[in-house]
Amino acid sequence: MIPGALEPAELPPDAVEVGRVLDAWGIKGWFKVQPYSASPEALFSSKRWFLQPPDRGARHFSGTVGLSIKQAREHADTVVATAHEVPDRTAAEALKGARIFIARSSFPTPAEGEYYWVDLIGLAVVNREGVALGEVTDLMATGPQQVLVLGYQEEGKSLERLIPFVDAFVDDVDLAARRITVDWQPDY
């Protein structure tokens with residue numbers, strides 16, 4: 001077990017993996033986090049993080065543990081944080097590689113017309129004529145824009161379709177109906 005007071009916790013049903021612990025930072029129990037998003041607001045808004053051991057490498061704990069975050073802030077292209085359960089550098093070093101999860105319900109409310117990627121995964125995509133184009137399986141950052149990656153079946157084969165996630169092609173995102181309407185044709 002990790003030094004300190006880490007307690008086993010249950011991963012919330014709406015948990016989303018948002019980053020991983022890189023290493024200890026300083027001598028007072030701070031640790032450095034690599035966020036999976038360029039805008040890590042979810043890490044700042046949530047005071048309760050859930051950690052699971054890394055997929056590979058040294059494992060200093062098993063299962064899911066909870067952290068009560070005292071403070072988290074940006075540091076260069078990473079985030080540094082401190083938690084009540086991590087009193088010193090030794091305890092912070094034991095977190096190295098841990099995967100960080102946060103309850104989706106703890107995410108800040110996005111602005112009008114903005115969406116979290118996790119909310120778009122699994123949505124059906126149809127064009128203006130009502131033709132089903134596929135289901136969002138992933139999103140891809142291409143620099144100037146995001147791209148919807150759709151999975152669909154054609155003649156028994158699994159295929160992918162890419163649609164830029166920009167106003168010129170996306171007419172409507174209806175999270176409640178789990179549908180995105182686009183100005184796109186199947187043969188594009």
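The values are calculated or read from the model by the stated rules, or taken from the named source; none is laboratory data. A quick note: this is a predicted structure, and the numbers were derived from the prediction, not measured. So basically every Cβ, Gly included, is an ideal-geometry build from the backbone, and we count neighbours across all protein chains shown.
What the table shows:
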{"item": "Any hit, region 63-72, residues being among the charged types (D, E, K, R) and in contact (Cβ under 8 Å) with a residue 40 or more places away in the chain", "result": "no"}
{"item": "Residues of region 60-112 that turn out to be of a type in the set (Lys, Arg) and closer than 24 Å to residue 13 by Cα, as a count", "result": "3"}
{"item": "Candidates 149, 136, 182, filtered to the one that is β-branched (Val, Ile, Thr), in contact with a helix residue (DSSP H, G or I) (Cβ under 7 Å, 6 or more places away or on another chain) and at pLDDT 95 or above", "result": "136"}
{"item": "Of residues in region 5-59 being in contact with a Phe, Trp or Tyr (Cβ under 7 Å, 6 or more places away or on another chain) and in a helix (DSSP H, G or I), the one farthest from residue 116 (Cα to Cα)", "result": "45"}
{"item": "Subset of region 147-167 [surrounded by 13 or more Cβ atoms within 10 Å (Cβ to Cβ) and among the hydroxyl-bearing types (Ser, Thr, Tyr)]", "result": "152"}
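Table: residues versus (1) surrounded by 17 or more Cβ atoms within 10 Å (Cβ to Cβ); (2) of a type in the set (Val, Ile, Thr); (3) not assigned by TED's automatic domain parsing to the domain that holds residue 30.
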site: 71; (1), (2), (3): no, no, no
site: 86; (1), (2), (3): yes, yes, no
site: 140; (1), (2), (3): no, no, yes
site: 145; (1), (2), (3): no, no, yes
